[in-house]
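What follows is a set of notes on a single structure, which appears directly below.
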Amino acid sequence: MAETTKSANHVYFFDTTLRDGEQSPGCSMTTQEKLTMAHALEDLGVDIVEAGFAMASEGDFAAIATITQAIHKPRIASLARAKKEDIEMAARALQFADRARIHVFLASSDLHLEYKLKISRAEALDLTGESVRLARSLVDDVEFSPEDATRSERDFLVEMVRIAIEAGATTINMPDTVGYTTPEEYGQMFREVRERVPAIDAEGIILSSHCHDDLGLAVANSLAAIQNGARQVECTINGIGERAGNAALEEIAAALYVRGDRFGVKNSLNLNQLYPTSQVLGQLITFRPSPNKAIVGDNAFAHESGIHQHGMLANPLCYEIMTPALVGVAHNHLVLGKHSGRAALRNRFEQLGYTLTRDELQHTYYRFVALADRKKNIYDYDLVGILPDQIREKRREPVSELD
Ligand code: KIV
Ligand code: ZN
């Protein structure tokens with residue numbers, strides 16, 4: 001049965017951190033670690049968790065089976081090639097899931113058919129029908145992905161999609177497997193396939209995007225797909241995944257929220273779990289997001305320049321398009337460095353318990369700039385160190401009285 005219980009403008013979040021994400025260098029996880037991550041994804045409110053590729057290894061099989069027994073809110077999916085043994089293995093791994101999905105994929109580009117699979121287009125179409133039919137005989141929710149869709153001849157892609165739907169696919173995912181497409185082109189592909197396969201709308205088939213970031217366009221492409229009818233988006237936490245990664249879930253989610261005026265769609269995510277979920281993943285794999293990574297990087301809500309800090313103190317809207325709290329970051333961060341101004345310095349001293357007169361601030365500010373020229377990171381104890389003695393004493397007095 002297709003996912004038709006939600007409204008037509010609901011976008012389903014399909015998280016593939018545990019499958020496409022996990023299959024990239026430095027990201028492999030044990031079953032226990034995958035389970036920890038799956039709990040975080042459930043708290044985040046994703047609709048579908050792709051827990052692995054059952055046929056790939058005993059570890060993947062075990063992780064999928066374990067997750068199906070512990071995680072109950074999201075639907076659990078396993079990837080499978082268009083092969084009997086893969087599909088049956090996926091069904092076995094998913095047998096205890098409350099709601100299961102088999103995700104069958106088969107290449108649709110001539111490049112992949114000729115060089116990788118060494119089969120003809122006609123054989124690929126036969127395999128599509130047979131494999132989706134088999135999967136549908138085992139579970140009621142089947143996703144079909146024509147791999148390398150964006151480099152596939154359009155008439156052939158349309159034919160493959162049509163056959164997959166006739167055979168019982170409930171979701172059609174059109175991956176940009178090698179991160180080659182552009183937003184305009186990807187959006188157009190969704191529009192065209194939807195127009196040329198009337199069963200998509202008539203039968204409530206969900207169209208899905210799946211983008212890789214080789215050109216740094218994965219999130220933009222995913223958003224373009226949504227604007228052109230995709231109602232499922234496949235993505236990963238922190239954008240981990242093959243090569244340059246997959247579309248980052250947190251970026252898509254934040255864009256849909258902050259620019260709701262452009263998208264007008266809904267989803268089930270708890271946005272304040274975005275940062276905590278990113279942190280969980282960072283602890284399980286070998287690397288964290290870069291500091292300047294949107295939404296979840298250490299500097300995503302940090303402000304160093306004086307002009308920005310002054311604006312932030314006057315009204316955070318001057319330099320922030322969302323509050324840190326929206327995505328679960330405890331507070332924004334005015335980083336003190338050589339670009340900072342007097343307003344931020346005064347603010348930090350006040351937080352530290354020192355109220356400076358205008359002259360005191362001026363004097364301390366010169367010392368601060370000289371220090372910041374020499375030192376990359378300025379810590380609170382450095383600031384206290386540059387205060388004139390008599391001011392430091394003033395702060396100490398009430399503290400010692402309390403003692
Ligand atoms: O990128 C891709 O094409 C995939 C498919 C298996 C969906 O990950
Ligand atoms: Zn992929």
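The values are calculated or read from the model by the stated rules, or taken from the named source; none is laboratory data. All of these numbers come straight from a predicted model, not from anything done at the bench. Cβ atoms come from the backbone with ideal geometry, glycine included; neighbour counts cover every protein chain shown. Remember, those area values only see protein heavy atoms, side chains included, never the ligands or the DNA or RNA. Shrake-Rupley method; radii C 1.70, N 1.55, O 1.52, S 1.80 Å.
General observations
- The chain - mean residue ellipticity at 222 nm from DSSP helices (-39,500 (n - 2.57) per run, n ≥ 4, rounded to 500): -13500 deg cm²/dmol
- For the chain, carbon and sulfur atoms together expose 51% of the accessible surface, with a 1.4 angstrom probe and every protein chain in place.
- Membrane-span-like helices in the chain, defined purely by DSSP H runs whose alpha carbon atoms cover 24 Å or more axially and whose average Kyte-Doolittle hydropathy reaches -1.0, are 121-138, 358-374.
- With R₀ set to 45 Å, the beta-carbon distance separating D373 from T36 gives a calculated FRET efficiency near 0.55.
- The calculated FRET efficiency for S305 paired with E123, based on their beta-carbon distance and R0 = 56 Å, is about 0.40.
- Equivalent ellipsoid semi-axes - Cα gyration tensor, segment 30-78, angstrom: 17, 11, 8
- Across segment 324-331, rounded Karplus estimates of 3J(HN,Hα) from the backbone phi angles (6.51 cos²θ - 1.76 cosθ + 1.60, θ = phi - 60°) give x, 4, 3, 9, x, 8, 4, 7 Hz, Gly and Pro being marked x.
- Taking every C-alpha pair closer than 8 Å and separated by at least 6 residues, the mean separation divided by the residue count of segment 12-284 gives a relative contact order of 19 percent.
- Using a Förster distance of 30 Å, the FRET efficiency for D155-R133 (Cβ separation, nearest 0.05): 0.85
- Relative to the current alpha-carbon distance between T286 and D380, full extension at 0.36 nm per residue lengthens the span by 30.8 nm.
- For the chain, built as a Gaussian network whose Cα springs stay under 10 Å, the top-fluctuating residue of M160, M29, M312: M312
- With Rh defined as the Kirkwood radius, the inverse of the mean 1/r over Cα pairs, the Rg/Rh of segment 70-205 is 0.97.
- Among the listed pairs K6/K293; K84/K118; K293/K338; K83/K266, those beyond 28 Å (Cα-Cα): K6/K293; K83/K266
- In the context of the full set of protein chains, residues of the chain present 45 Å² of accessible surface per residue (probe radius 1.4 Å, heavy atoms only).
- Think of segment 71-122 as a dipole: +1 on every Lys or Arg Cβ, -1 on every Asp or Glu Cβ, centred on the Cα centre; then among I71, F105, I119, I71 lies furthest on the positive end.
- Length gained when the stretch N9-H333 is fully extended (0.36 nm per residue, less Cα-Cα span): 113.1 nm
- Gyration tensor verdict on segment 302-402 (Cα atoms; rounded if a/c is under 1.5, prolate if a/b is larger than b/c, oblate otherwise): prolate
- Springs join every pair of Cα atoms under 10 Å in this Gaussian network model of the chain, and among H39, H210, H339 the largest mean-square fluctuation is at H339.
- Between V258, V139, V46, the residue with the greatest mean-square fluctuation in the GNM of the chain (Cα pairs under 10 Å linked by springs) is V258.
- Base-10 log of normalised Debye intensity for segment 12-284 (one unit scatterer per alpha-carbon) at q = 0.09, 0.11, 0.12, 0.13 Å⁻¹: -0.36, -0.54, -0.66, -0.78
- Estimated translational D of segment 168-271 in µm²/s (Stokes, Kirkwood radius over Cα pairs; 37 °C; 0.692 mPa s): 239 µm²/s
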